[in-house]
Structure formats: C-alpha cells, structure tokens
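All of the numbers you see were taken from the coordinates with simple rules; none came from a lab. What you see is a predicted model; the values in this text were computed from it and never measured. When we count neighbours, we look across all protein chains shown, and the Cβ atoms used for this are built from the backbone with ideal geometry, even at glycine.
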C-alpha cells in the first residue's frame, strides 16, 4: 500500500552494495576535523608560548624573587617581582565579586525555579541573561563614574580607584550567569523530591533550601566556580576602575592592581618586546592560567557529579 | 442523588454515612468503624480538564480503604486531594469539602502545610532524598518542619521498625537512602511518613514499581499499619485491593461508581461497570 513512497524494487535492486564511499563524504570529515582541531591547536599554542616565555623569565628572575616578595615594580628602576601584590588584587576584587554574585545569584535562582510561575520565569530569565551580555568596558565605566562616587557617599575614605567598586560591579555582571546555571540545576531536580518534602509538611522555603538546593549541589557548585573563574579572568572592569597600583593589601578602599590589569597595562604601554619587563606579563599570565585551569577542572568534576556522593 | 448524610459543622459529631454514595442499599453493617475522613462533592481540575466529578466518600478509621479503577479515572487525584497535594501542581484546582474528623481541610483558614503534617503520603515511585542518609531520611519530616527531636535514635528505630525495615538497615543508617533496593526505598519512604505520626496514611500505588516479594512485604506492612493508622491505598492491582483493603471504592472517569466492603464489591458488585472492571473485561 505504501509502495508509492518507497523506492521501487526494480531501482533498489540496482544499487551496488560494494560502491566505494564517496570522496566528498571523506573530505567533509577531514574539514570538520580541522575545524575541531583549531581550538585544541590554539590552546596548545597559547600554553606553549606561555611556557617558553615564562621559562625565559625565570632564567633572569628567581622563584624566590617571584614568590618571596610582596612588591611588584618591574617597570621601575628598583625592580621587585613579588607576584603576591598582583595576586592579592585579583583575590580581593574576585572575592568581593563572588560575595555579591553568589547570594544574589542563588536567591534569584531559587525564586525563578521554585517560586515564580512559568510566565514570569520565561520573561525574567532571558532578561536577566542580557546583563551578562553587556560589554565589560561599559561595566568598567559604570564602576568608575557611578558606583565609586555613590559608594564614596557612604564610605568617605574610599579612594577614586579602589577594589570595592569594581568588585561589586563584577558581581553584578557575574550574578546572572550564576543564577541562570544554578536555576537550570535546580529546575532539573525531580518533582518527586519536592512532592516528598511537601507531603512531609515542609514549606516551600524549606523545600527549596533543604531539598532542592542540596540535590542540585553539583550544578550550583559548578556555576559558582564558573563565576569565580570569570571574576579572576575579568580584565576591563578592574583595569578601568581599580587603579593599576600593585599593592599587597586586602583593604577594599585603596587602589590595587589585578594580574589581568597588569597585563593590559604593559601590553598598552611602550615596553619593548623581548625585554624582561615584557616577559613579566607571560609569567603573570601563567599564574592566571594555572588559577583558571584549576577552577575549570574542579567545575568539570562537579558537573560530572564526581563529588555528588560526598555531599551527604 | 445526594447521599442522606449530615455534614458536620466544626465541633459537631463525626459524619455518619447512612447509604452508599450511589444511593443503593447500605451494605455496611451497623457496627461499621467510625469515619476518619469524609470527602463531600469533591471536584478537581487540571487546567480545563476535570479529573474528579464530585466524589463523596468516607474513609473509615483504622481501616484500609482501597481506591481502584482504570488509568485516568481520578484515583490518584482523589488521594492527592485528601492532603491538599493536588494544588501543588500548577493550574490544578479543587472544589468541594474534605473533612478530617470534624474539620473541613478546604475550609477558609486551613493551612495546607498543617494538613500534610497530619496526613502522611507515600508515592508511586519511591522518593527518598538522595542527599540524605537513611537516618536523615527518616528524620526529614521533622527537620524540614524545623522541629528538633529529643530522642532521634529512638524515633528512627521506631519508624523503621513500623515500616519493617529496621533489621535490614540498622547497621547502615548512615548510608545514602538511594543506596537501598527499590522495595527498601519504598519502605524507607513509609518510615519517613510514619516518623511524623500521621493519623492517616495515603499510599498512591506504592507497589507499582516493585517486584512481587517487595510487594508482599509492603502488603503485610499495610495490614499491620491498620492497627494504628487509617490507610488509603490507590492500586491498579485488584488482587492487592482484595488482599489488603477493608473497604473498596471503584472510580471510573472521575466518578465514584461504587463503594462498599471489599468483599461485597468483589463478590456482588452492584454496578455493571464495577463488575466488568473487576472481572478484567476493561481497564
């Protein structure tokens, strides 16, 4: 009855079974492989350059000078290479960003996943994600020209360049990512667990925080770590609003410089290539790379649910 | 045909069902157990779809009441209305009255959370909390309600004993609840519900995902639970209803077709549809 749509038997019988796979088919496979390999090759290239330049750097500067000092002045006459001055800037701004983004993000995720009705959820989630799409230079000037003056009204001792304002603004930038990914994880928690909690007389709040969130732990953890790694890698906001003054401090009111901001500073300046000053940015880049790599590994493992059993 | 019964006001004596809901001859003997819960003209919707079309049914104290009927007949919806779980689903709606003792749980000032504290529920698919240990699962009701327990060990043991699970898990209380077998998980869920000392236990096809041995264990358990609890069980399995239930209600297309003693329903059903269903001619 369905013979009209099927290939007529007389034609099908003439298709040779031993025909070689067409050249085009094989060519497509090769092209696609090259495309996929591009990302891997690029990564390898970057890592290779980092390693080569960092090795060259450490031929002139000892590990002790690098890790045993808290002053970072490679561009001055009296050179110091204490990386901790930059690391503290990065850690400080990132910590402020995370302390802003995680509570805000988790609350937003809890609302969207457990409290909002479907209509509000469909409206709110994409509009929140727009926040994450604003160019970071806009956030940088938002921090410098709006957030800092605003904060100075409450904290008079706040310097014009400081860690607090870019940290908060980074938090605002990151929180939609944390919220969106956490919400995905919470939304994926089976309804049967929520029903179990409701049937035990739990309120919606208790269900959200005691049942849904722990069950979504690996997804939430991965989203937080992704947020941390974005904060650490964020460049523009801190380059604009944090001050570019390497300083080993955890005082959020004074100017600091992050690792990323230092790299920008040197790249934009007139430091000749091949000099020691120039190589510092590769050493700093290497430290940054190690930081984010470690975080990505943890996030990856969390996403795989490796740590799921240890939640308990 | 409204059943001839008086719906109590708050504080008045417990309702007494004089006749079967379809108005036929009351087959219940006069010494029938007193009524623990009573649904009156209960209607429920999922969005525009009406799942229950006016159910009036008593749930007798310290008895097992089985709700049987083909898929989509509203039996699950009915038990979910008994502890106000139906309204948890978006767009779900309920009308009518359900009395727990003398109080309408759909009354204006009733807190559904308080209702659920007194009426426990066990679901079709065992749903222990995967992030909690066996012990924590048993205590989950208390901890989720923000209550502290004075003697948690005792409570855990009692609840697990009542659920006939204690001997199997007493040495592994700190293991994850989801490490147990399907039947054990379901008994863990029963223990979790019993730990709150509910007055009524609702079971929504508790054995449908279990093998015959695990099913037999749960059925034995239901027999014992009757001593101290009022049990309502939804089941697809008519043999199960015949084995465990004192009273049986047959639902069809959102309506209560017949209710009575299990024996009567299975031996001398009044309605041809009931007879057709229990003899396996449809459903």
Please give the helix B:212-225 orientation as an angle from the longest Cα principal axis of chain B, in degrees from 0 to 90, rounded to the nearest 10. 80
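Using Cβ contacts closer than 10 Å as the measure, can you line up A:30, B:231 from fewest to most?
Lowest to highest Cβ neighbour count: A:30, B:231.
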Rounded, prolate or oblate, given the Cα gyration tensor of chain A, with a/c below 1.5 counting as rounded? oblate
So for each of B:136-146, A:291-301 I average, over its residues, the number of other beta carbons within 10 Å; can you give me the resulting order with the highest mean first? B:136-146, A:291-301
For chain B, share of DSSP beta bridges that run antiparallel, in % to the nearest 5: 60
Could you tell me the calculated FRET efficiency between residue B:118 and residue A:292, based on Cβ-Cβ distance and R0 = 56 angstrom, to the nearest 0.05? 0.60
Pick out which of B:176, B:109, B:133 has the largest mean-square fluctuation in a Gaussian network model of chain B, springs linking Cα atoms closer than 10 Å. B:109
Note: B:74-86 gets an average of partner chain Cβ contacts (10 Å, Cβ to Cβ) equal to 1
Please report B:211, A:184, B:204 as a ranked list, fewest other C-beta atoms within 10 angstrom at the top and most at the bottom. B:211, A:184, B:204
Exercise: per-residue mean of other protein chain Cβ atoms within 10 Å, B:121-130: 5
Under the rule of -39500 (n - 2.57) per DSSP H run of 4 or more residues, summed and divided by the residues of chain A, what mean residue ellipticity at 222 nm is obtained, to the nearest 500 deg cm²/dmol? -20500 deg cm²/dmol
Please give the helix A:118-131 orientation as an angle from the longest Cα principal axis of chain A, in degrees from 0 to 90, rounded to the nearest 10. 40
Looking only at other chains, what is the average number of their beta-carbon atoms within 10 angstrom of each beta-carbon in A:208-221? 2
Please order A:130, B:218 by the number of other Cβ within 10 Å, starting at the fewest. A:130, B:218
Shape call for the protein assembly as shown from the C-alpha gyration tensor, a ≥ b ≥ c root eigenvalues: rounded (a/c under 1.5), prolate (a/b greater than b/c) or oblate? prolate
Among A:121, A:24, A:14, which one moves the most in a GNM of chain A with springs linking Cα atoms closer than 10 Å? A:14
When a/c reaches 1.5 or more, the comparison of a/b and b/c decides; with that in mind, is the stretch B:55-118 rounded, prolate or oblate per its Cα gyration tensor? oblate
Hey, in the GNM for chain A with a 10 angstrom Cα cutoff, which one of A:260, A:191, A:73 fluctuates hardest? A:191
